[in-house]
1. Using a 1.4 Å probe on the protein heavy atoms, what percent of the accessible area of the protein assembly as shown belongs to carbon and sulfur?
2. Over all distinct Cα pairs, what is the inverse of the mean 1/r for chain B, reported as the Kirkwood hydrodynamic radius in Å?
3. Given a 1.4 angstrom probe, what's the average accessible area per residue across region C:1-97, in square angstrom?
4. Just to be sure I understand: with springs between alpha-carbon atoms less than 10 Å apart, which residue in A:VAL14, A:VAL61, A:VAL93 has the highest mean-square fluctuation in the Gaussian network model of chain A?
5. What size of dipole, in debye to the nearest 20, comes out for the protein assembly as shown about its Cα centre when the only charges are +1 on Lys and Arg C-beta atoms and -1 on Asp and Glu C-beta atoms?
6. What residues of region B:64-106 lie in the reach of a label at D:SER50, counting those whose backbone N is under 15 Å from a point 7 Å from the Cα along Cα→Cβ?
7. Based solely on its DSSP helices, what 222 nm [θ] is calculated for chain B when runs of n ≥ 4 H residues each add -39,500 (n - 2.57) and the sum is averaged over all residues, nearest 500 deg cm²/dmol?
8. Once region C:18-80 is represented by equal point scatterers at the alpha-carbon sites, with solvent omitted, what log10 I(q)/I(0) does the Debye formula produce at q = 0.20 Å⁻¹?
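The values are calculated or read from the model by the stated rules, or taken from the named source; none is laboratory data. Quick caveat, the model's predicted, so the values are computed rather than measured. Every residue, glycine as well, gets a Cβ built from its backbone with ideal geometry; the counts of neighbours run over all protein chains shown. Heavy atoms of the whole protein, side chains included, go into the accessibility calculation; ligands, DNA and RNA do not. Shrake-Rupley method; radii C 1.70, N 1.55, O 1.52, S 1.80 Å.
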Protein chains: 4
Amino acid sequence: MTENAINNALRDFVTERDWGKFHTAENLAKSITIEAAELLELFQWGNPASPDEVRDELADVLTYCYLLAMKIETNPHDLILEKLDKTSQKYPVDKSKGVSTKYDKL
Amino acid sequence: MTENAINNALRDFVTERDWGKFHTAENLAKSITIEAAELLELFQWGNPASPDEVRDELADVLTYCYLLAMKIETNPHDLILEKLDKTSQKYPVDKSKGVSTKYDKL
Amino acid sequence: MTENAINNALRDFVTERDWGKFHTAENLAKSITIEAAELLELFQWGNPASPDEVRDELADVLTYCYLLAMKIETNPHDLILEKLDKTSQKYPVDKSKGVSTKYDKL
Amino acid sequence: MTENAINNALRDFVTERDWGKFHTAENLAKSITIEAAELLELFQWGNPASPDEVRDELADVLTYCYLLAMKIETNPHDLILEKLDKTSQKYPVDKSKGVSTKYDKL
């Protein structure tokens with residue numbers, strides 16, 4: 001399915017419920033964080049998480065990310081590729097291979 | 001660009017750096033939360049956030065979400081649609097229209 | 001040092017800078033989350049965290065927690081004890097001993 | 001009530017339930033973040049939050065902060081004062097008065 005189709009489905013869902021008024025960029029940023037922490041909760045005590053629960057919580061994070069991307073008039077794939085390009089430059093292969101060191105300490 | 005193309009670009013980036021070993025589901029869940037909070041930081045004091053910074057931080061959240069989706073062998077679009085279907089049932093239009101009430105209090 | 005002395009030191013710091021106007025309950029809640037994620041970042045890839053950095057980030061979370069407690073006219077010690085009492089009832093020793101199961105699944 | 005008394009109450013609660021084994025520094029950092037986001041959820045759509053719910057969620061964040069402070073063999077009050085001293089230097093009154101600008105842009 002294309003990004004456009006996803007965006008249309010999300011837009012219809014929101015419009016039908018008249019929820020656009022709640023979806024300021026700030027409220028969406030809060031929502032992304034709240035849902036991210038619910039995803040994290042599945043790993044709180046270091047036990048293996050249930051795959052179905054991971055799907056469910058990851059879906060919530062993604063949904064709010066897509067809504068925020070629409071809000072700022074961009075799309076997730078462009079964002080990811082644009083950032084991947086920047087990150088590739090910050091983490092050159094020869095310096096970053098196999099280590100988790102942050103770029104400012106490489 | 002298709003999801004496949006994005007996934008391939010992400011996979012190549014990770015493989016070249018031998019970073020797959022860091023990307024356990026738990027570490028990705030932590031990373032999603034950490035990046036979400038960096039996005040939230042742009043709205044910390046209620047000021048309007050810089051659009052470029054929002055793009056940048058949202059891109060980081062999305063990137064880790066896509067990596068986790070790959071890790072659990074699914075894809076973001078399926079996750080979003082599957083969840084949208086569930087959420088539509090939890091929030092029927094006639095009860096939820098125009099209100100931000102949580103489903104368990106509708 | 002007593003809680004009162006800590007609260008006075010925090011209040012003076014904020015008043016001198018005229019920062020009280022930024023410290024709505026919501027902004028403090030955002031700030032607590034943002035700082036918590038910075039603490040979490042020290043454990044992002046599962047490596048042992050530097051004790052000095054943990055002190056530093058934990059201090060930030062605590063500071064905003066104390067400011068929010070003042071804002072809602074209570075104090076951290078009362079909050080902790082009040083909640084410990086509730087949690088003790090939700091997690092009776094005989095059912096919860098040695099397991100990390102959430103109370104609604106005990 | 002003194003910090004010592006609070007710490008003793010927390011320690012007893014944990015010991016009785018044999019929960020110390022779950023309380024690695026990393027798991028506590030995750031827990032602080034998770035509870036912080038539950039606090040944030042009370043402000044998700046910008047509505048005023050219920051004071052009782054704020055008390056409850058703030059208590060959870062504080063509880064895990066106190067447990068982590070014990071874990072790293074320090075105490076919350078020292079941490080707060082030590083950090084307040086650093087922050088006072090990063091944000092001199094004359095430069096930071098009345099503005100929410102981050103220290104690196106002052």
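1. Carbon and sulfur together cover 47 percent of it.
2. Working: mean 1/r = 0.0614 Å⁻¹.
Hydrodynamic radius (Kirkwood, Cα only) of chain B equals 16.3 Å.
3. About 43 Å² of surface per residue is accessible.
4. Of the options given, A:VAL93 has the highest mean-square fluctuation.
5. Details: 52 positive and 76 negative charges, 0 e Å.
Around 0 debye, computed over the protein assembly as shown.
6. B:101-106
7. Numbers: 5 runs with 72 residues, N = 106.
Value at 222 nm, helices only: -22000 deg cm²/dmol.
8. -0.79
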